[in-house]
Amino acid sequence: MLELMAWLETSALAEFLRGLGIWTYGLLNLAHIIGISSLFGAVLLLDLKLLGLWPSIPAASLIRPTVPLAALGFVLAAVSGVMMLSFNTTEYHGNPFLYVKLPVIVVGLVNVAIIQRLAAWRRAAAGLPAEPGDARTLAVFGGLSLLIWLTVISCGRMIGYW
């Protein structure tokens, strides 16, 4: 892992970013926070709906705006995160929070891929009537999603304090 970290830190991207000036890291950090906020804000609303909150609001009404917002937030957070990490990657070697955060992000993306393939999700997204068991299935995946993304956020916050 240290070799990959050293490569990122000495990459053309890292050199380019460091050459942009003193404000670059701060602006990337701001973009990262905006990305995380957009991702988690959308995830929180959608997952709470999947857990059974707001039963009078059709799931499709929340899915339409939150899924694209979450995707955009994820892309912004991921790109800015890699860029920030490139500044001083090797300093994070051995940081347990980084080594937890990265695989948990993958687990979060796998969870998204699975839920979007579930019949219960497709019915909810299309505004179709739920079948028996749909609410429980969606609640399980919604709860898991909250746990995953809260873990990612917590680890990300703790990286700087290790």
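No value in this document is a laboratory result; all are computed from the given coordinates. Just so we're clear, the structure is a prediction, and the values are computed from it rather than from any experiment. Neighbour counts are summed over all protein chains in view; Cβ atoms, including those assigned to glycine, are modelled from backbone coordinates with ideal geometry.
Laid out as a table, the results:
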item: Check: region 46-162 dipole with +1 on Lys, Arg Cβ and -1 on Asp, Glu Cβ, in debye; result: 200
item: Label-point separation, Trp54 to Val140 (7 Å along Cα→Cβ), nm; result: 2.5
item: Note, ³J(HN,Hα) from phi for region 39-46, Karplus 6.51, -1.76, 1.60, rounded to Hz, x at Gly and Pro; result: 4, 6, x, 5, 4, 4, 4, 5
item: q = 0.17, 0.18 Å⁻¹, region 2-159: log10 I(q)/I(0) [Debye, one scatterer per Cα]; result: -0.96, -1.04
item: Estimated vicinal HN-Hα couplings, Hz - region 112-126 in sequence order (Karplus 6.51, -1.76, 1.60; Gly, Pro = x); result: 4, 4, 5, 4, 6, 9, 6, 4, 4, 5, 4, 5, 4, 5, 8
